[in-house]
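Working notes, structure below.
The values are calculated or read from the model by the stated rules, or taken from the named source; none is laboratory data. Remember, it's a predicted structure, so these values are computed and weren't measured experimentally. Positions of Cβ are generated from backbone atoms using ideal geometry, with glycine treated the same way; all protein chains shown enter the neighbour counts.
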Amino acid sequence: MSFHELPLGERLLIVRRGTSYFAQRLSELTDAELDKPSLLSGWTRRHLVAHIGYNAAALCRLMDWAASGIETPMYESTDQRGREIEEGATLSPAAIRNLFDHNVARLDEKWRNLPVSAWEAEVRTAQGRTVPASETVWMRTREVWIHAVDLGNGGRFGDFPEVVNEGLLSDMVGMWRKKGEGSGLALSVEGHKQVEVASDVAVTTTIHGSLPVVTRWAAGRGGVGVSISGAGGEPPRWL
């Protein structure tokens, strides 16, 4: 059963577990360590925590849209997201931690109080996709689990629920196909049927490994633990 096929209550439990996982990784960092680079090029841990905090605020706006029927975009302009992150990264360590805690609590409250009928209300993502409000749960799930790893202090794809890794890998392959990338690439995950990104093209590169390590490789977070057959070795861009 995929993430999207799970009952809403189970999906919310998974995203809350992911939020707690990120919060635990964050709590283990000293204030001075927030100044260190994250695993994302060009971003310190400060940038990453600010991003996670402001992402929750943006999703709150989508929940307001679903609840009221009044269009409330995630961001007022195309540059708002980047500006918020850069400004947020300059806050004091205490303020950055509070930004995360406050907006996490706000988003969870809006999820808890949203009328059942509003979960299927259509909203629009920052990428312009029209989705039901329930999609915000998966959007946030991806953010908190992956970026807990990006903090670079012990987070592992192996700690993710299997259904999250499966959903992430499905998203990545789907995006590669949509963008016409990954031609000749196949993913061979232990215990799963091999997936060929382009079914009408001969396979030239096969990535072998467990679900967590193949998902990590596909997400561009390193290839430790994977076995690569053929040419290449770097995944296509996902986002």
Margin query: Among the residues in the stretch 45-54, are any under 17 Å from GLY154 (Cβ atoms) and not hydrophobic (A, V, I, L, M, F, W, C)?
Written below: yes
Notebook entry, point to check: Any idea which residue in the stretch 132-156 is farthest from ARG11 (Cα to Cα), counting only those that are of a type in the set (A, V, I, L, M, F, W, C) and touching a Phe, Trp or Tyr at 6+ places or on another chain (Cβ under 8 Å)?
Noted result: LEU151
Check: If we scan the stretch 130-146, do we find a residue that is surrounded by 13 or more Cβ atoms within 10 Å (Cβ to Cβ), farther than 20 Å from ALA219 by Cβ, modelled with pLDDT under 95 and among the hydroxyl-bearing types (Ser, Thr, Tyr)?
Finding: no
Checklist line | the stretch 211-239: number of residues that are assigned to a loop (DSSP other than H, G, I, E, B), touching a residue at least 24 places away in the same chain (Cβ under 8 Å) and either hydroxyl-bearing (Ser, Thr, Tyr) or more than 12 Å from VAL173 (Cβ to Cβ) (or both) | finding: 6
Check: Only one of (1) in contact with a Ser or Thr (Cβ under 7 Å, 6 or more places away or on another chain); (2) within 23 Å of ARG25 (Cα to Cα) fails for HIS102. Which number is that?
Finding: (1)
Check: Regarding LEU48, is this residue touching a residue at least 60 places away in the same chain (Cβ under 8 Å) and either buried (at least 16 other Cβ atoms within 10 Å of the Cβ) or assigned to a helix (DSSP H, G or I) (or both)?
Finding: yes
Note to self: For the stretch 214-225: of the residues being crowded, with 17+ Cβ neighbours inside 10 Å and of a type in the set (Val, Ile, Thr), which is nearest to the chain's Cα centre (by Cα)?
What the structure shows: THR215
Item checked: Any chance SER38 is polar (S, T, N, Q) and surrounded by fewer than 19 Cβ atoms within 10 Å (Cβ to Cβ) -> no
Note to self: I need every pair where a residue in the stretch 68-94 that is closer than 18 Å to LEU107 by Cα has its Cβ under 6 Å from the Cβ of a residue that is assigned to a loop (DSSP other than H, G, I, E, B) and not hydrophobic (A, V, I, L, M, F, W, C), sequence separation at least 6 or different chains.
What the structure shows: ARG81/TYR75
Checklist line | Residue identified as among the β-branched types (Val, Ile, Thr), out of contact with any Lys or Arg (no Cβ under 9 Å at 6 or more places or on another chain) and in the same structural domain as ASP64 (by TED's automatic domain parsing) among THR125, THR141 | finding: THR125
Next item on the list: Within the stretch 154-178, count every residue that is surrounded by fewer than 17 Cβ atoms within 10 Å (Cβ to Cβ) and of a type in the set (A, V, I, L, M).
Entry: 1
Notebook entry, point to check: Which of the following residues is under 27 Å from GLU135 (Cα atoms) and buried (at least 17 other Cβ atoms within 10 Å of the Cβ): LEU211, LEU239, LEU185?
Noted result: LEU211
